[in-house]
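Engineer: Before I ask anything, let me first share the structure, which is written out below as structure tokens.
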Amino acid sequence: EDPTFETGIKIEMLDSGKQQKALIFAEDGEEALRKIWSSKPGWFSASFGPFRRFTGGNKDWEKVYYSNPKAASHLSVFGEDVALTESLQWLKDLNYKRLEGDDYSERFLKNLLRFINEGQLLPHNIKIAEITSEGMYLQNGEPGPIDVLEMSDGYRSVLSMTFEVIRQMEANLGSEDLFEEVDDYVVIKVHGVILIDEIDVHLHPSWQTRIGQWFVKHFPNIQFIVTTHSPLICRACENGSIWKLPLPNTDEVFSEVSGVERQRLISGNILDAYGTELFGASAVRSRQSAGELAELGELNAYYALGQLTEEEEERRRKLLKIHATDDPAGF
């Protein structure tokens with residue numbers, strides 16, 4: 001029997017006084033309610049907003065993680081006051097049980113640390129050094145381990161989200177259906193969908209370039225739906241699709257990026273990617289830069305005719321050094 005089925009959701013916004021509420025209906029009624037919206041384990045989905053962190057959230061939301069874990073897995077995408085606090089406590093609890101001789105916790109933590117450390121999630125060869133009753137510590141070449149809460153926003157953003165995903169998967173499926181060794185690295189074999197808003201937030205450009213590729217490689221059965229303001233994130237979409245969201249207060253429509261523009265985002269250099277204007281017409285150069293390019297083009301024309309003064313030639317050479325990657329007039 002084919003296990004797949006088609007479904008969808010319809011969202012109706014209701015204006016209740018000053019507060020808007022969304023009602024979600026499953027289009028394929030019984031089948032969708034049984035497999036997707038049910039509280040039973042087996043089907044995985046999660047959503048994360050741009051404010052991904054271990055601490056600093058409203059503690060009232062923490063109750064939802066126990067009363068309605070399915071809903072809690074999507075909370076952070078709707079508000080800035082939701083922190084991913086549960087994952088740190090979950091790691092501490094696993095370590096407690098490991099120290100007490102629990103075989104399950106021992107195996108799970110071993111696979112988890114291999115997944116992060118050997119998978120090289122973190123840049124600059126930074127690894128998780130230890131998990132204690134106080135928290136999680138990273139080794140980054142300093143004399144001693146550093147508390148993860150003292151790391152920069154980029155590290156906390158990626159680690160809090162990654163651990164929360166794995167925590168939720170473990171709660172739904174257990175350890176035996178989670179990790180799998182492929183070649184010389186560990187992957188997560190769970191099927192599902194994860195939504196991430198502004199995945200590039202706080203990440204260095206070099207990390208932006210590879211973060212999408214890392215998640216696709218190590219979560220091979222997960223469909224990632226992400227938003228971004230960075231063309232570097234699009235490098236991971238070779239086997240996926242890229243869509244441009246319409247700008248506010250315009251007549252633009254939601255559209256798929258295809259053809260040469262798509263290839264520029266995936267394979268071109270950063271200027272090629274920005275040159276698609278998918279991230280704004282002024283994203284590549286400022287007004288001053290555009291003016292300098294126009295000036296350089298004019299000076300190049302006079303240079304070809306042999307009509308430059310020494311002062312103009314000096315100016316031309318200076319502009320050439322500044323705009324070495326541009327070709328304003330073919331000279």
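Engineer: Suppose we filter Val186, Val190 for residues that are outside any helix (DSSP H, G or I), open to solvent by less than 70 Å² (accessible area, probe 1.4 Å) and touching a Leu at 6+ places or on another chain (Cβ under 7 Å); which single one remains?
Structural biologist: After ruling out the rest, the residue left standing is Val190.
Engineer: Just give me the residues in region 195-218 being of a type in the set (A, V, I, L, M, F, W, C) and open to solvent by 50 Å² or more (accessible area, probe 1.4 Å), in sequence order. I'd like the intermediate steps shown before the answer.
Structural biologist: To start, the set of residues in region 195-218 that are of a type in the set (A, V, I, L, M, F, W, C) comprises 195-196, 199, 201, 203, 207, 211, 214-216.
Matches in region 195-218: Leu195, Val216.
Engineer: Give the residue that is most open to solvent (accessible area, probe 1.4 Å), with candidates limited to residues of region 96-124 that are among the basic types (Lys, Arg) and under 20 Å from Val182 (Cα atoms).
Structural biologist: First, the residues of region 96-124 that are among the basic types (Lys, Arg): 97-98, 107, 110, 114.
Okay, now just the ones that are also under 20 Å from Val182 (Cα atoms), so 107, 110, 114.
Numbers: Arg107: 115, Lys110: 136, Arg114: 53 Å².
Taking the candidates together, the pick is Lys110.
Engineer: Suppose we keep only residues that are under 16 Å from Ser87 (Cα atoms) and not in a loop (DSSP other than H, G, I, E, B) within region 116-137. Which one would you say is nearest to the chain's Cα centre (by Cα)?
Structural biologist: Step by step, filter region 116-137, then rank; the result is Ile116.
Engineer: Something else: Of all residues in region 292-309, which are in a helix (DSSP H, G or I) and of a type in the set (Ser, Thr, Tyr)?
Structural biologist: Once the filter is applied, which keeps residues that are in a helix (DSSP H, G or I) and of a type in the set (Ser, Thr, Tyr), region 292-309 yields Tyr302, Tyr303.
Engineer: Could you pull out the residue among Asp147, Asp177, Asp251 that is under 18 Å from Arg53 (Cβ atoms) and either without any contact (Cβ under 8 Å) to a residue 24 or more places away in the chain or not hydroxyl-bearing (Ser, Thr, Tyr) (or both)?
Structural biologist: Result: Asp147 is the single residue among Asp147, Asp177, Asp251 that is under 18 Å from Arg53 (Cβ atoms) and either without any contact (Cβ under 8 Å) to a residue 24 or more places away in the chain or not hydroxyl-bearing (Ser, Thr, Tyr) (or both).
Engineer: Looking at (1) buried (at least 20 other Cβ atoms within 10 Å of the Cβ); (2) touching a helix residue (DSSP H, G or I) at 6+ places or on another chain (Cβ under 9 Å); (3) not small (Gly, Ala, Ser), can you tell me which one Met169 breaks?
Structural biologist: Here Met169 clears every test but (2).
Engineer: So in region 290-319, with the set limited to residues that are surrounded by fewer than 14 Cβ atoms within 10 Å (Cβ to Cβ) and closer than 25 Å to Ile270 by Cα, which one is modelled with the lowest pLDDT?
Structural biologist: Ranking the qualifying residues of region 290-319, first place goes to Ala290.
Engineer: Something else: Report yes if some residue within region 226-233 is surrounded by fewer than 18 Cβ atoms within 10 Å (Cβ to Cβ) and either of a type outside the set (Ser, Thr, Tyr) or at pLDDT 85 or above (or both); otherwise report no.
Structural biologist: Taking every residue of region 226-233 in turn, at least one turns out to be surrounded by fewer than 18 Cβ atoms within 10 Å (Cβ to Cβ) and either of a type outside the set (Ser, Thr, Tyr) or at pLDDT 85 or above (or both).
Engineer: Just to be sure, is Glu261 over 24 Å from Ile194 (Cβ atoms) and either part of a helix (DSSP H, G or I) or open to solvent by 50 Å² or more (accessible area, probe 1.4 Å) (or both)?
Structural biologist: Working: over 24 Å from Ile194 (Cβ atoms): yes; either part of a helix (DSSP H, G or I) or open to solvent by 50 Å² or more (accessible area, probe 1.4 Å) (or both): yes.
So Glu261 passes the test.
Engineer: Those residues that are at pLDDT below 70 and crowded, with 17+ Cβ neighbours inside 10 Å, I need them from region 38-85; list them, please.
Structural biologist: Of everything in region 38-85, just one residue is at pLDDT below 70 and crowded, with 17+ Cβ neighbours inside 10 Å, namely Trp43.
Engineer: Going residue by residue through region 125-143, is there one that turns out to be surrounded by fewer than 16 Cβ atoms within 10 Å (Cβ to Cβ) and of a type in the set (Val, Ile, Thr)?
Structural biologist: Looking through region 125-143, at least one residue is surrounded by fewer than 16 Cβ atoms within 10 Å (Cβ to Cβ) and of a type in the set (Val, Ile, Thr).
Engineer: Please verify whether Glu106 is part of a helix (DSSP H, G or I) and among the acidic types (Asp, Glu), treating the condition exactly as stated.
Structural biologist: yes
The values are calculated or read from the model by the stated rules, or taken from the named source; none is laboratory data. Since the structure is predicted, the reported quantities are computational estimates derived from the model, not experimental observations. Glycine also receives a Cβ, built like all others from the backbone with ideal geometry; neighbour counts cover every protein chain displayed. In case anyone asks, the SASA skips ligands and DNA or RNA and just uses the protein heavy atoms, side chains included. Shrake-Rupley method; radii C 1.70, N 1.55, O 1.52, S 1.80 Å.
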